[in-house]
Protein chains: 2
Amino acid sequence: MRAGFSFQVTASNGSARCARLTTPHGVVETPAFMPVATYGAVRGVSPEELVAAGAQIVLANTYHLHERPGDEVVAKLGGLHGFTGWRGPWLTDSGGYQVMSLADRARIDEEGVTFASPLDGRRRHLTPELAIQIQERLGADVAMALDECPAPGAAADQGLREQAAAERTLRWAERCRRAHTRVDQALFGIVQGGIRESLRRHSAARTASLAFDGYAHGGLGLGEESDRRIDLVRAAHAELPAQAPRYLMGIGRPQDLVAAIDAGVDLFDCVLPTRHARHGVLYTSQGLLRLRNARFRDDPAPADPDCDCPACALHSRAYLHHLLRANEALGARLASLHNLRFYLRLLASARRAIAEGVFAGLRDRIQGLAAQ
Amino acid sequence: MRAGFSFQVTASNGSARCARLTTPHGVVETPAFMPVATYGAVRGVSPEELVAAGAQIVLANTYHLHERPGDEVVAKLGGLHGFTGWRGPWLTDSGGYQVMSLADRARIDEEGVTFASPLDGRRRHLTPELAIQIQERLGADVAMALDECPAPGAAADQGLREQAAAERTLRWAERCRRAHTRVDQALFGIVQGGIRESLRRHSAARTASLAFDGYAHGGLGLGEESDRRIDLVRAAHAELPAQAPRYLMGIGRPQDLVAAIDAGVDLFDCVLPTRHARHGVLYTSQGLLRLRNARFRDDPAPADPDCDCPACALHSRAYLHHLLRANEALGARLASLHNLRFYLRLLASARRAIAEGVFAGLRDRIQGLAAQ
């Protein structure tokens, strides 16, 4: 690992593990969940509130920040740590997934991705070298290699396409590795390979041979069965160095997190808690609460009596219901704080359970709650 | 005054005065500015943040809350103090102005107002008795009598219409006074009379004869010259009891506030600071800052170096510019906190200046800044 970085496994329980990821801007106790701050801000939530909720590291979207305000602006203001109010560790994605899923007419070739910006319709390019350059300007503690994430499908040539994408991802990984120059920024490689274990294993072994600072599972959460996903994660882990962090990108629900932690994943990000919050769907110790539902109109109870977040400490379900229905910004903000606190408490519980050797119990409880 | 209420003038400087308005839910040092919480929440701002910004009393819109979530719901949850997170003093408007300006096809007769709800298009009524009933359910510390606010205009019969509205407002004031039963809620009467001093004076004297707990100037801020407005305010004050609070409704800009304070007004509310904030217009010690302007794209300075609000303490103009342009909710929230803090600091400065007998200097400085 680079100067200023270290990753030390501190406890394990089966394949699940606790570790301490040290970065130049602070320590991340893993397993950890990264709130998503697409444009450098978690929707409606302040940095102080993120700290209070227990966030340790935050994810920003490279592609969005490249478009607005531009990575040069962020660099000029001191990178993400200087530009935003979050002074702790940052991770940026490579921008590839966002471009391929959001941009119009994305065309991928060996050089990179060509696409029309959704912002102004103009042609843009994203290459492995550019993805690294942008991320170096953004200055996150952890940057991600550019990968090709093939769309899932059942076409006759789906296997071939997944194989080609995995091979291209490996060639791009090498280019990213060569292009990356910041010594104060870790670089993670991404395992691809669709939903075939053999291809995932091959991709993981070849990515590991490039000696990245950490490794991510890409191209998952696109409709595959949960059990299948965990098999693919485990297959890749068998080929990845145990002493490097493992990150499952973009996933997911609480039950998905505990299953992946059980398979040895260290890092997560997902828009689900904040997106659900904006739609009035709250995670609670008793399961999901759809707060826009009319039955909460005059319910004086807090969203979750077992929660210590600012929404539950001060406000009733009736008030949150009202704010959400009236589209008052405070509603989405309080619901987001609640859901983030739920996720961050879940991860803290997972770390404690692993340290105490009782993780299976927590996993089963969370999965049982989800199955209700 | 009622039990639990008192109003004591503590200092004066010309017509400007400081007073202590005691309510069952706390003390308001006047002159005071009331942030507007239309639906029981200041857009995007938490009650804790309002306290930190120096808010002492908050205004909610009766008509909006009557529509959503309904005053029965608010009453069931303990009134505004129990329903929302703001435990300090509340004031509610009568709903009349909102109905007459927002609702479709509002028709006014002696009984009250008939209108089509913008929410569901259904016919609704608002009478003086109903305005009081709704406000008693909402349970604010201060309720307002229903008034008729005639649209400004230059028609030949404008004077007659203003006179008729002022007379009807007096008849409605009597009905409100009779309908009002809560002993723990103050009731303020409203002076009308358009832009004629004689009519304003007549309306003030007759309203005062009904012995309300406080008095408001209604129907101003509708396009009249600032100096004219102050003349009208002074004319009414000459007829109002000195030992009762005076409230200038819905106004206004910092220069309007200091002019009105100079004429002896004690209470203000206005959506300007929060509405401006959502549009990226910030009040500063150097004048207005239009933060969406491209020149702030990479400006590392805080919005106002002389401000102690959370936005100025932690964030740059560049970051606020970015959040506002990207429509990130945190941008409107931080800008609102800043503008509210500006207004609340301005009022605190006014109180200090009055106590020290130097209010004219503050007034001139604020008016000079606005004239730049």
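The values are calculated or read from the model by the stated rules, or taken from the named source; none is laboratory data. In this text, all values refer to a predicted model and were calculated from it rather than measured experimentally. Ideal geometry is used to build each Cβ from the backbone, glycine not excepted, and the neighbour counts take in all protein chains shown. Please note that ligands, DNA and RNA were not included when accessible areas were found on the heavy atoms of the full protein model with its side chains. Shrake-Rupley method; radii C 1.70, N 1.55, O 1.52, S 1.80 Å.
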*Within chain A, which cysteines find no other Cys whose Cβ is under 4.7 angstrom from their own?*
A:CYS18, A:CYS149, A:CYS176, A:CYS270, A:CYS309
_Distance-filtered residues of segment A:57-90 - backbone nitrogen under 14 Å, label point 7 angstrom along B:ARG297 Cα→Cβ_ = A:66-77
*asked:* Suppose we keep just the alpha-carbon trace of the protein assembly as shown; what are its Rg and Dmax in angstrom?
replied: 30.1, 91
*Over all distinct alpha-carbon pairs, what is the Kirkwood Rh of segment A:1-109 in angstrom?*
15.5 Å
*Applying 1/(1 + (r/R0)^6) with R0 = 45 Å to the Cβ-Cβ distance of A:ASP231 and B:ARG182, what FRET efficiency is obtained, to the nearest 0.05?*
0.10
_Can you tell me what percent of all Cα-Cα pairs in segment B:71-226 are more than 18 Å apart?_
59 percent
_Compute, for chain A, the length of the dipole vector about the Cα centre, with Cβ point charges of +1 (Lys, Arg) and -1 (Asp, Glu) only. Units Debye, rounded to 20._
400 debye
*Select from B:HIS180, B:ALA164, B:GLY153 the residue farthest towards the positive end of the dipole of segment B:136-186; place +1 on Cβ of Lys and Arg, -1 on Cβ of Asp and Glu, and compute about the Cα centre.*
B:HIS180
*If one takes the longest principal axis of the Cα atoms in chain B, at what angle in degrees, from 0 to 90 and to the nearest 10, does the Cα axis of helix B:329-355 lie?*
70 degrees
*All Cα pairs of segment B:213-316, percent lying beyond 23 Å*: 41 percent
*Using a 1.4 angstrom probe on the protein heavy atoms only, line up B:TYR39, A:TYR97 by accessible area, largest first.*
A:TYR97, B:TYR39
_If each label sits 7 angstrom from Cα along the C-beta direction, how far apart, in nm, is B:GLU110 from its counterparts in the other copies?_
9.2
_Suppose we consider the axis relating copy B to copy A; can you name the residue of B with the nearest Cβ and state that distance in angstrom as an integer?_
B:ALA329, 3
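For segment A:40-85, with every protein chain kept in place, what is the accessible area per residue (1.4 Å probe, Å²)?
26 Å²
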*asked:* For the interface of chains B and A, what total accessible area is buried with a 1.4 Å probe, rounded to the nearest 100 Å²?
replied: 3200 Å²
_Let me cross-check A:GLU110: its accessible surface, 1.4 Å probe, with only protein heavy atoms counted, in Å² to the nearest 10?_
70 Å²
*Compute from the Cα atoms of segment A:249-372 the Rg and the Dmax, the latter being the longest Cα-Cα distance, and quote both in angstrom.*
14.8, 46
*Rounding to the nearest 20 debye, state how big the charge dipole of segment A:1-144 is about its Cα centre with +1 on each Lys and Arg Cβ and -1 on each Asp and Glu Cβ.*
140 debye
_I need the phi-derived Karplus couplings for segment B:270-279: 6.51 cos²θ - 1.76 cosθ + 1.60, θ = phi - 60°, integer Hz, Gly and Pro marked x._
6, 7, 3, x, 7, 5, 4, 4, 5, 9
*Based on the inverse mean of 1/r over its pairs of different Cα atoms, what is the Kirkwood hydrodynamic radius of segment A:135-244, in Å?*
14.2 Å
*asked:* Rounding to the nearest 10 and keeping the result within 0 to 90°, find how far the Cα-based axis of helix B:226-237 lies from the longest principal axis of chain B.
replied: 50 degrees
_Occluded residues from segment A:330-346, i.e. those whose accessible area drops by 40 Å² or more once the chain is not alone (1.4 Å probe)_ = A:LEU330, A:ARG333
*What gaps in nm, shortest first, separate A:GLN255 from its twins in the other copies when you place the label 7 Å past Cα toward the beta carbon?*
6.3
*Which whole-number percent is the relative contact order of chain A (Cα, under 8 Å, 6+ apart)?*
17 percent
*Semi-axes of the equivalent ellipsoid of segment A:203-265: what are they in whole Å, largest first, if each equals the square root of 5 times a C-alpha gyration tensor eigenvalue?*
20, 11, 10
*Which one of B:ILE108, B:PRO47, B:VAL74 has its Cα pushed farthest toward the positive end of the charge dipole of chain B, where Lys and Arg give +1 and Asp and Glu give -1 at the Cβ?*
B:PRO47
*To one decimal in nm, how far is B:GLY121 from the same spot in the other copies, if labels go 7 Å from Cα toward Cβ? Please give the shortest first.*
3.6
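Compute the length gained on full extension between A:GLN133 and A:GLN8: take 0.36 nm times their separation in residues and subtract their Cα-Cα distance, giving the result in nm to one decimal. Mind dumping the intermediate values first?
Numbers: separation 125, 0.36 × 125 = 45.00 nm, distance 2.85 nm.
Here the segment from A:GLN133 to A:GLN8 would lengthen by 42.1 nm.
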*Report which residues of segment A:20-46 become buried by 40 Å² or more of accessible surface when going from the isolated chain to the complete set of protein chains (1.4 Å probe; DNA, RNA and ligands ignored).*
A:TYR39, A:ALA41, A:GLY44
*Expressed as an acute angle from 0 to 90° and rounded to the nearest 10, what is the orientation of the C-alpha long axis of helix A:197-208 relative to the principal long axis of chain A?*
70 degrees
*For chain B, what % of the accessible area comes from carbon and sulfur atoms, probe 1.4 Å?*
49 percent
*Per residue, how much accessible area does segment B:214-273 show when a 1.4 Å probe rolls over the protein heavy atoms, in square angstrom?*
29 Å²
*Only Lys, Arg (+1) and Asp, Glu (-1) charged, at Cβ; segment A:264-372 dipole about Cα centre in debye*: 300 debye
*Work out the mean other chain Cβ neighbour count within 10 Å for the residues of B:81-87 and drop it here as an integer.*
4
*Order A:MET144, A:MET249, most accessible first, counting only protein heavy atoms with a 1.4 angstrom probe.*
A:MET249, A:MET144
*asked:* Need one number for segment B:324-372: average projected area of the convex hull over its C-alpha atoms, nm².
replied: 4.1 nm²
*asked:* As I understand it, the dipole of segment B:210-355 uses +1 on the Cβ of Lys and Arg and -1 on the Cβ of Asp and Glu, about the Cα centre. Which of B:HIS322, B:PRO254, B:PRO241 lies farthest toward its positive end?
replied: B:HIS322
*Once chain A is represented by equal point scatterers at the alpha-carbon sites, with solvent omitted, what log10 I(q)/I(0) does the Debye formula produce at q = 0.08, 0.09 Å⁻¹?*
-0.39, -0.50
